[in-house]
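Student: One structure, as structure tokens, below. Some questions next.
The values are calculated or read from the model by the stated rules, or taken from the named source; none is laboratory data. The structure displayed is predicted, hence computed values, not measured ones. Ideal geometry is used to build each Cβ from the backbone, glycine not excepted, and the neighbour counts take in all protein chains shown.
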Amino acid sequence: MNTRDMLKRLALTEGEVEAQVAEIFGAGEGSENAAAVSTFAPDTILKGRILDIINEDVIVDVGYKSEGVISKSEFENPEEIDIGDTVEVLLESVEDESGAIVLSKRKADRQRGWERVVSTHKEGDTVSGKVLRKIKGGLVVDIGVPAFLPASQVSIRRQADISEFIGQDIEAKIIKIDDARKNIVVSRRQLIEEQRDAMKRQLMEEIAEGQVRHGVVKNIADFGAFVDLGGIDGLLHITDMSWGRVAHPSECVRIEQELEVVVLKVDRERERIALGLKQLTPSPWKKVDDRYPLGTRVIGEVTNVVPYGAFVKLEEGLEGLVHISEMSWTKRINHPSEVVKVGDKVEVIVLDINKEKKEISLGMKQTEANPWDQVEQKYPVGTIIEGVVRNLTNYGAFVEIEEGIDGLLHVSDMSWTKKVAHPNELVNKGDPVRAVVLAVDQEKKRVALGVKQLASDPWRDDIPMRYGIGTVIDGAVTKITNFGVFVELEKDLEGLLHVSELATTKDQKPEDVVKIGDTVKVKVLRVDPEERKIGLTLLNEAGEVVAPAATTEEEDVDLSRDRKPRPAKKK
């Protein structure tokens with residue numbers, strides 16, 4: 001039902017109807033709407049009057065034969081609308097399927113907004129508006145009409161989630177107006193870049209080394225952090241974040257953190273600025289030797305453990321190194337982690353300070369008495385000790401005398417008579433050993449041990465007495481060399497059967513006469529207690545010398561098993 005019909009129902013005259021229309025729209029407005037009603041072209045903006053509000057529907061009369069129905073949701077403030085209010089609406093179609101006129105308040109507002117924006121702004125102008133929602137590829141911003149803000153134009157730095165801008169009021173620059181499609185594209189990034197360029201020019205004119213500047217951390221990398229000074233980013237290198245050890249910049253700063261920094265260097269040509277954070281506080285290395293004179297005892301915290309030692313924090317920004325060799329007087333440490341771990345509180349002594357290299361050498365073992373200072377007093381030469389074989393080498397066995405104190409039992413000091421090639425012929429790792437201290441070298445931290453010295457030397461009296469010259473013995477061949485054969489006379493005692501006492505002819509070789517394991521009859525030719533050698537000659541089954549002339553031709557026979565004999569002198 002339109003306004004005219006309603007008035008007729010109230011028995012109003014035609015003149016009264018015209019007067020009421022004039023009262024609703026005004027004389028000019030009534031005539032304008034009357035002209036519009038005569039044509040009523042779609043997409044025309046009309047003025048209408050709210051006749052009624054039924055639930056969520058608003059009944060609007062625009063002077064047509066029927067009213068239009070508009071949803072409350074199309075009004076910006078639905079709770080404020082009242083019957084009799086004048087509103088602008090857009091005519092979408094003259095009649096729908098039910099014969100009613102189709103109107104839109106939202107489209108009228110958008111059309112008026114478009115006209116208002118286009119009439120007052122052009123491409124390149126700055127506009128402000130509220131971010132309404134996120135759509136594919138960007139955001140929708142209300143600047144009077146919905147405008148598109150591409151994701152790439154939201155900020156100068158890529159945003160992980162642009163939806164965080166929803167509901168915010170922002171400023172942006174119009175970069176495109178499409179009048180045909182009624183589209184507007186805006187860029188917040190372009191506006192920020194222009195503003196930053198202006199700020200950067202001003203900043204580069206004002207900034208100088210030594211200044212303290214306010215900044216905001218914008219990015220963090222492995223080597224440092226980039227700080228926005230207002231128009232340009234400066235680099236805060238990891239080495240300039242703290243006087244102490246920093247493994248990663250995130251230990252000192254975080255994204256969007258505001259902080260004060262010192263300008264260390266300005267490169268105006270390349271527009272690069274180096275910043276410092278630690279320079280805001282005095283260097284802990286200043287007068288470090290006054291605070292920590294050599295020999296000072298300090299309780300510190302282990303901050304890092306490396307293969308060659310451990311770093312210990314003495315105070316904030318000041319660390320020293322305890323080398324692996326300075327951790328224990330006696331323990332053989334393969335890795336510092338056997339002694340300390342990160343976070344341990346340890347007592348150390350300052351050994352050396354190098355202010356130029358910013359290095360402090362610390363010692364842990366120096367906090368305790370050096371057990372080697374007492375070794376010579378505790379274990380004088382001749383002391384009999386009982387220990388355990390800790391390790392074997394080619395030249396001897398290391399015997400633990402006490403925790404951290406080892407003595408060396410050399411192969412030459414294991415037996416008076418047996419020629420020991422390797423210590424495992426007599427001892428194994430873990431075996432208990434009884435030995436005598438032969439020597440103590442406190443400076444080199446060495447203790448020499450002997451086992452054979454526990455008994456008297458058989459070469460002094462016993463062997464020369466039992467194996468006098470001319471003694472005949474049956475022995476087993478143990479080794480064959482090019483200069484002769486070794487024969488076992490008794491357990492751990494051998495004599496040398498020189499090749500000249502073995503061969504019957506000049507061309508005969510030892511292996512042509514005997515084999516290892518053969519039992520041979522020999523006679524003692526000489527005994528040398530000093531050299532610990534016994535010379536032999538071979539006898540046949542009848543007890544006769546196989547090479548009787550050999551002894552007269554050999555004046556000097558080397559009885560060692562390691563050297564060839566010197567050539568015999570000719571008569």
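Student: Based on this model, can you work out whether residue 312 counts as surrounded by 18 or more Cβ atoms within 10 Å (Cβ to Cβ), in contact with a Lys or Arg (Cβ under 7 Å, 6 or more places away or on another chain) and modelled with pLDDT of 90 or more?
Tutor: No; evaluated as a whole, the condition is false for this residue.
Student: Can you tell me which residue within region 323-366, out of those that are among the basic types (Lys, Arg) and at negative phi, is surrounded by the fewest Cβ atoms within 10 Å (Cβ to Cβ)?
Tutor: Among residues in region 323-366 that are among the basic types (Lys, Arg) and at negative phi, the one surrounded by the fewest Cβ atoms within 10 Å (Cβ to Cβ) is 357.
Student: Return the total of residues in region 324-353 being modelled with pLDDT under 90 and aliphatic (A, V, I, L, M).
Tutor: 1
Student: Let me ask something else about it. Quick one: residue 506 ticks every box in (1) more than 60 Å from the chain's Cα centre (by Cα); (2) in contact (Cβ under 8 Å) with a residue 12 or more places away in the chain bar one, so which box is it?
Tutor: Result: residue 506 passes all but (2).
Student: Starting from region 247-270, keep only residues that are in contact (Cβ under 8 Å) with a residue 60 or more places away in the chain, then list their pairs with residues that are assigned to a loop (DSSP other than H, G, I, E, B) and of a type in the set (Lys, Arg) whose Cβ atoms are within a distance under 8 Å, requiring at least 6 positions of separation or different chains.
Tutor: That search, which allows pairs on different chains as well, returns nothing.
Student: Collect the residues in region 241-279 that are over 16 Å from residue 224 (Cβ atoms), modelled with pLDDT of 90 or more and either touching a helix residue (DSSP H, G or I) at 6+ places or on another chain (Cβ under 8 Å) or among the hydrophobic types (A, V, I, L, M, F, W, C) (or both), keeping them in residue-number order.
Tutor: Of everything in region 241-279, those that are over 16 Å from residue 224 (Cβ atoms), modelled with pLDDT of 90 or more and either touching a helix residue (DSSP H, G or I) at 6+ places or on another chain (Cβ under 8 Å) or among the hydrophobic types (A, V, I, L, M, F, W, C) (or both) turn out to be 260, 266.
Student: Residue 485 passes all but one of (1) in a loop (DSSP other than H, G, I, E, B); (2) in contact with a helix residue (DSSP H, G or I) (Cβ under 6 Å, 6 or more places away or on another chain); which number fails?
Tutor: Failed condition: (1).
Student: Mind listing whichever residues of region 391-413 are among the charged types (D, E, K, R) and buried (at least 16 other Cβ atoms within 10 Å of the Cβ)?
Tutor: 400, 406, 413 - these are the residues of region 391-413 that are among the charged types (D, E, K, R) and buried (at least 16 other Cβ atoms within 10 Å of the Cβ).
Student: Please name all residue pairs, on different chains or six or more residues apart, with Cβ atoms under 8 Å, provided the first residue is in region 355-370 and is hydroxyl-bearing (Ser, Thr, Tyr) and the second residue is in a loop (DSSP other than H, G, I, E, B) and at pLDDT below 90.
Tutor: none
Student: While we're here: Only residues that are aromatic (Phe, Trp, Tyr) and either assigned to a strand (DSSP E or B) or out of contact with any strand residue (DSSP E or B) (no Cβ under 6 Å at 6 or more places or on another chain) (or both): list them for region 286-338, please.
Tutor: 308, 311, 329
Student: Still on this structure: Answer with yes or no whether residue 503 is part of a loop (DSSP other than H, G, I, E, B), among the aliphatic types (A, V, I, L, M), out of contact with any strand residue (DSSP E or B) (no Cβ under 6 Å at 6 or more places or on another chain) and not assigned by TED's automatic domain parsing to the domain that holds residue 534.
Tutor: no
Student: Go through region 409-457 and give me each residue that's modelled with pLDDT of 90 or more and under 43 Å from the mean Cα position of the chain (by Cα).
Tutor: 429, 430
Listed here are the residues, each with its yes/no results for (1) surrounded by fewer than 17 Cβ atoms within 10 Å (Cβ to Cβ); (2) at pLDDT 85 or above; (3) acidic (Asp, Glu); (4) within 18 Å of residue 140 (Cα to Cα).
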{"site": "157", "(1), (2), (3), (4)": "yes, no, no, no"}
{"site": "163", "(1), (2), (3), (4)": "yes, yes, no, yes"}
{"site": "177", "(1), (2), (3), (4)": "no, yes, no, yes"}
{"site": "180", "(1), (2), (3), (4)": "yes, no, no, no"}
{"site": "188", "(1), (2), (3), (4)": "no, yes, no, yes"}
{"site": "193", "(1), (2), (3), (4)": "yes, yes, yes, no"}
{"site": "215", "(1), (2), (3), (4)": "no, yes, no, no"}
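Student: Of all the strands (runs of 3 or more DSSP E) wholly in region 67-174, which have at least 1 residues that are in contact with a Gly (Cβ under 8 Å, 6 or more places away or on another chain) and within 18 Å of residue 185 (Cβ to Cβ)?
Tutor: 126-135, 138-142, 146-150
Student: Right, something else. Can you give me the number of residues within region 166-175 that are touching a Ser or Thr at 6+ places or on another chain (Cβ under 9 Å) and surrounded by 12 or more Cβ atoms within 10 Å (Cβ to Cβ)?
Tutor: Residues in region 166-175 being touching a Ser or Thr at 6+ places or on another chain (Cβ under 9 Å) and surrounded by 12 or more Cβ atoms within 10 Å (Cβ to Cβ): 6 in total.
Student: Being surrounded by 20 or more Cβ atoms within 10 Å (Cβ to Cβ) and either small (Gly, Ala, Ser) or at pLDDT 90 or above (or both) narrows it down to one of 517, 475, so name that one.
Tutor: 475
Student: Of the residues that make up region 257-280, is at least one basic (Lys, Arg), surrounded by fewer than 11 Cβ atoms within 10 Å (Cβ to Cβ) and not assigned by TED's automatic domain parsing to the domain that holds residue 357?
Tutor: Yes: one or more hits.
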